[in-house]
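Colleague: First the structure, which I've put down as structure tokens, then a few questions once you've had a look.
The values are calculated or read from the model by the stated rules, or taken from the named source; none is laboratory data. These figures come from a predicted structure and were not determined experimentally. Cβ sites come from the backbone with ideal geometry, for glycine too, and all protein chains shown count toward neighbours.
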Amino acid sequence: MSTMTTAAKQGLTYAQLLETNNLIQASADETYWLCVTRTVQESKLFPVPAYMMYSYLNSYFRYPELLRKIEASMPAEELGDRARTMSGKIGALAVGWAMPGVYLLGRQWLLEMGMIRPTDALDDLVYVLDFWKRYQLAYHRNDGHLSNRDFGHRAQVHPERTVQVFQSDLFDCEPGDDLHEAATAFMSTTSQYGFLISCESRISLHNGGPYKMADGRELMIRDFMDLAEGDYPWLDGVAAHVPYNCLTVPMALKDTHVYLTDDWGSFESEPEFQAHHVSGVGLYTSDALTDGYQPVGMGSREELVRTFHELTEKMRAAMDGLWRRIAAWSRDEMLDAGAIVYFSIFKDLAHIAGVYDVADWMLIDERAHKFKPLLNDEYSRDALVQLCVGMMNNHRLAEHTLMQHGNDQARLYTLVPYDVLNGTPYVPTSGPIRPGDSVLLRKNDRYRTSKGVLGLGEYNRRESVPGTHGAGRRFLCETWVKYNAGTAEADELYTLEQGYSRTLAGRGSSLTGADILDVRAGTRRRHPGADEVLHALAVVKKGTLAHVAELLGADKTAVAAVMARSVAVGHVVEAGDHVLLSPLARLAAAANCGRLYATVRDSKPFHVTMEEFERLNAELKAVMSQWQVRGVAGDHVPNDHADAAYDEKVIDALGSVHETVEGILDRFADEVPRLAVYRDRLTSALEQAEDGEVSWVSDVTIASYHTVWFELHEDLLRMLGQERHE
């Protein structure tokens with residue numbers, strides 16, 4: 001340990017220690033819950049308890065300096081943002097639980113053995129937990145939580161734009177068809193292969209979600225990692241023909257609800273998940289050098305079936321080779337490999353930051369190595385159980401206390417005593433990384449990446465900034481999208497994510513869940529949001545469901561669903577077959593127009609076209625005056641429409657106005673496509689008037705020419721935030 005210092009000298013504050021202890025306890029509560037409720041991990045081949053205990057020590061001695069090295073290149077918050085665009089090991093499992101978990105388990109074991117005190121390596125402890133907090137908050141920024149535990153054991157880290165692409169591009173399947181069989185065979189084989197890669201642990205497989213798709217259907221994201229020649233030396237040669245290091249399978253599940261996704265990346269559902277619940281699949285790859293998730297074999301259903309089969313065979317061949325290699329290993333080799341797997345669980349952060357070093361991640365620190373003689377199977381098993389469920393002396397608390405998930409007087413991790421703030425000296429750090437060693441073969445300089453097989457030097461030099469993070473887009477979060485959907489900036493953000501999509505390329509930011517279902521069904525109906533429906537009701541004042549749907553050029557069923565929700569919350573009032581806005585909703589609709597049509601209000605061409613429309617509106621008023629009143633013997637009298645020749649002349653004048661407004665409406669519709677419906681409605685009304693149905697000129701009880709024109713004018717004025725001048 002380093003020399004003594006004081007809190008005042010190091011600048012540690014009470015607030016820092018309060019937060020540190022809070023984070024320690026949060027990690028302790030989740031670790032205890034996971035250890036006593038999840039499946040116990042056992043192996044007839046690997047000394048799992050021994051290598052886990054070994055990894056805890058290696059983590060305690062190395063994590064602080066490795067994290068400082070990573071953060072010298074890239075802040076924890078940016079690493080968290082980058083990780084959302086990659087496969088999930090560096091999400092819930094690697095950082096959500098393991099970063100603090102294995103470090104604190106190492107600390108707790110050393111405390112139990114009397115090797116350290118609670119105030120030793122205090123600066124290290126504060127830093128590791130602060131890094132974890134900042135990374136986790138950035139990684140989980142879309143759900144606003146620190147971990148899956150804090151979200152009721154859900155993992156909804158992906159932004160809507162990513163989930164939309166996953167859902168829209170899925171290929172449907174059902175038990176017994178070619179895709180279902182190919183996908184389930186791939187996932188089964190790759191799970192077995194990954195289990196062996198990670199020394200019979202869960203670390204190569206991760207699950208995220210659930211995301212709601214529709215009633216009775218949810219989306220889960222399954223990641224497989226470290227499949228090819230990469231960081232682990234035991235994959236050199238045997239995985240040379242595995243073409244992807246990381247693969248992601250979005251899975252649509254039907255007739256089962258995922259109610260728990262824990263911080264180990266496993267999930268539970270009701271009823272229990274079985275292969276027959278999978279009703280759709282996709283396939284993607286990602287790593288530190290990809291611009292988000294890249295589709296694999298997703299050009300067609302047939303291509304995906306073929307790709308799954310080809311990859312399954314490659315995984316089987318690699319697994320056979322790995323079995324042969326591991327069969328020749330000694331216990332020491334198995335111990336080192338397992339400890340390295342657990343210790344290096346978030347090594348990909350070093351790849352993102354471009355500072356990966358084999359000596360940092362694939363070796364056992366000499367300080368941890370000294371404990372190796374202790375790690376026989378019996379001692380390791382007993383020590384691991386006692387360490388993880390709070391049975392050691394240092395876990396004990398005062399007799400009247402209870403732990404969170406049990407009735408024992410225990411705390412899994414020891415908190416920091418606050419007396420250091422009184423000037424009590426403490427040891428700030430465990431010091432720099434010491435030399436490491438391993439009985440395993442040394443790593444070949446071959447790393448399978450999305451850019452091909454690279455040497456480590458070039459891998460570290462390369463950097464890929466996701467397009468959705470460039471040019472100020474990194475901070476365009478889900479809350480921002482909520483208030484800016486449909487703007488050019490939001491559409492650009494979504495279009496970047498949609499660039500690799502088979503079905504959504506160029507569709508932009510205004511898609512709803514119903515739109516995605518339509519895309520998958522091959523239809524192109526429009527599903528407006530609540531703000532659009534309220535805007536349309538404000539335009540028509542009082543109208544029918546069919547009228548609102550027609551005005552929006554939207555699917556009637558979708559409008560009905562929005563309307564029902566609006567009625568339920570009091571925004572819309574029903575009056576027989578008609579609906580109208582409540583007074584407060586009318587004010588809200590006017591206020592929302594500024595956000596809903598911000599792009600229109602900023603569009604100079606739209607304003608120029610509006611000026612042309614206003615000039616034409618004056619002509620229309622003159623025509624309508626001629627229709628309503630005619631000159632007789634030098635006087636103006638109401639038009640009784642007895643003079644067919646006079647009415648025909650006025651209708652001809654109306655036709656001249658219509659010829660001009662068609663071009664204006666085309667330009668309006670170029671910027672707001674739904675406005676094209678007014679052209680069609682005006683044309684229909686004019687044609688019926690020309691056919692002798694004169695009520696279609698101005699009758700307020702039907703969609704006459706003047707009625708539709710009035711609605712059009714009201715719509716435009718509201719979009720632009722302007723007042724009507726009669």
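Colleague: Condition first: of a type in the set (Gly, Ala, Ser) and surrounded by 16 or more Cβ atoms within 10 Å (Cβ to Cβ). Now tell me which residues in the stretch 498-512 satisfy that.
Modeller: Across the stretch 498-512, the qualifying residues are SER501, GLY508, SER509, SER510.
Colleague: I've got another one for you. Failed condition for ASP357, given (1) closer than 30 Å to LEU289 by Cβ; (2) in contact with an Asp or Glu (Cβ under 6 Å, 6 or more places away or on another chain), with all others met?
Modeller: With respect to (1) closer than 30 Å to LEU289 by Cβ; (2) in contact with an Asp or Glu (Cβ under 6 Å, 6 or more places away or on another chain), ASP357 is out only on (2).
Colleague: Here is a follow-up. Among the residues of the stretch 479-495, count how many are touching a residue at least 60 places away in the same chain (Cβ under 8 Å) and surrounded by 18 or more Cβ atoms within 10 Å (Cβ to Cβ).
Modeller: 6
Colleague: Which residue is nearest to the chain's Cα centre (by Cα), if the candidates are limited to the stretch 329-350 and must be under 22 Å from ARG82 (Cα atoms) and not in a helix (DSSP H, G or I)?
Modeller: If we take residues in the stretch 329-350 being under 22 Å from ARG82 (Cα atoms) and not in a helix (DSSP H, G or I), then PHE346 is nearest to the chain's Cα centre (by Cα).
Colleague: For the stretch 285-303, indicate whether the set of residues that are among the charged types (D, E, K, R), surrounded by fewer than 18 Cβ atoms within 10 Å (Cβ to Cβ) and in contact with a Ser or Thr (Cβ under 8 Å, 6 or more places away or on another chain) is non-empty.
Modeller: No, every residue in the stretch 285-303 fails to be among the charged types (D, E, K, R), surrounded by fewer than 18 Cβ atoms within 10 Å (Cβ to Cβ) and in contact with a Ser or Thr (Cβ under 8 Å, 6 or more places away or on another chain).
Colleague: Any residue at all in the stretch 533-544 that is in a helix (DSSP H, G or I), modelled with pLDDT of 85 or more and surrounded by fewer than 19 Cβ atoms within 10 Å (Cβ to Cβ)?
Modeller: no
Colleague: Taking the stretch 587-632, which residues are farther than 20 Å from HIS706 by Cβ and outside any helix (DSSP H, G or I)?
Modeller: TYR597, ASP602, SER603, GLY631, VAL632
Colleague: Tell me whether the stretch 615-636 contains one or more residues that are charged (D, E, K, R), more than 38 Å from the chain's Cα centre (by Cα) and within 30 Å of ALA488 (Cα to Cα).
Modeller: Yes, the stretch 615-636 contains at least one residue that is charged (D, E, K, R), more than 38 Å from the chain's Cα centre (by Cα) and within 30 Å of ALA488 (Cα to Cα).
Colleague: Give the stretch 1-45 a look and list any residue that's under 13 Å from ASP123 (Cα atoms), hydroxyl-bearing (Ser, Thr, Tyr) and modelled with pLDDT of 80 or more, or say none.
Modeller: THR5, THR13, THR20
Colleague: Do the conditions hold for PRO605, that is, is it modelled with pLDDT under 90 and under 30 Å from SER510 (Cα atoms)?
Modeller: no
Colleague: Looking only at residues in the stretch 116-166 that are β-branched (Val, Ile, Thr) and surrounded by fewer than 24 Cβ atoms within 10 Å (Cβ to Cβ), which one is nearest to THR424 (Cα to Cα)?
Modeller: Looking at residues that are β-branched (Val, Ile, Thr) and surrounded by fewer than 24 Cβ atoms within 10 Å (Cβ to Cβ), I get THR119.
Colleague: In the stretch 166-188, how many residues are assigned to a helix (DSSP H, G or I), in contact (Cβ under 8 Å) with a residue 60 or more places away in the chain and over 11 Å from the mean Cα position of the chain (by Cα)?
Modeller: Matching residues across the stretch 166-188 total 12.
Colleague: I've got another one for you. Could you grab the pairs with beta carbons closer than 7 Å, sequence gap of 6+ or different chains, first residue in the stretch 255-278 and part of a strand (DSSP E or B), second one of a type in the set (Lys, Arg)?
Modeller: From the stretch 255-278, the pairs are THR261/ARG154.
Colleague: OK, next. Output the qualifying pairs, or none if there are none: Cβ atoms under 8 angstrom, residues six or more apart or on different chains, first residue in the stretch 530-545 and assigned by TED's automatic domain parsing to the domain that holds THR707, second residue crowded, with 21+ Cβ neighbours inside 10 Å.
Modeller: Final answer for the pair search is none.
Colleague: Hey, could you check the stretch 445-456 for residues that are closer than 14 Å to GLY354 by Cβ and either in contact (Cβ under 8 Å) with a residue 24 or more places away in the chain or in contact with an Asp or Glu (Cβ under 8 Å, 6 or more places away or on another chain) (or both) and say which is surrounded by the fewest Cβ atoms within 10 Å (Cβ to Cβ)?
Modeller: The extreme case among them is GLY455.
Colleague: Go through the stretch 549-570 and give me each residue that's touching a Lys or Arg at 6+ places or on another chain (Cβ under 9 Å) and surrounded by 18 or more Cβ atoms within 10 Å (Cβ to Cβ).
Modeller: Those that are touching a Lys or Arg at 6+ places or on another chain (Cβ under 9 Å) and surrounded by 18 or more Cβ atoms within 10 Å (Cβ to Cβ): ALA549, GLU550, LEU551, LEU552, ALA554, ASP555, ALA558.
Colleague: I need every pair where a residue in the stretch 310-324 that is closer than 16 Å to ASP226 by Cα has its Cβ under 6 Å from the Cβ of a residue that is of a type in the set (Val, Ile, Thr) and in a helix (DSSP H, G or I), sequence separation at least 6 or different chains.
Modeller: Close Cβ pairs (under 6 Å, with a partner that is of a type in the set (Val, Ile, Thr) and in a helix (DSSP H, G or I)) amount to THR312/THR189; MET315/THR189; MET315/THR190; ARG316/THR189.
Colleague: Pairs needed: first member in the stretch 613-632, over 27 Å from GLN722 (Cα atoms) and among the aliphatic types (A, V, I, L, M); second member anywhere, exposed (fewer than 15 other Cβ atoms within 10 Å of the Cβ) and modelled with pLDDT under 95; C-beta distance under 9 Å; at least 6 residues apart or different chains.
Modeller: Hits for this filter: VAL629/HIS636; VAL629/VAL637; VAL629/PRO638.
Colleague: Here is a follow-up. Being in a loop (DSSP other than H, G, I, E, B) and crowded, with 17+ Cβ neighbours inside 10 Å is the filter here; which residues of the stretch 8-48 pass it?
Modeller: Answer for the stretch 8-48, where residues must be in a loop (DSSP other than H, G, I, E, B) and crowded, with 17+ Cβ neighbours inside 10 Å: LEU12, PHE46, PRO47.
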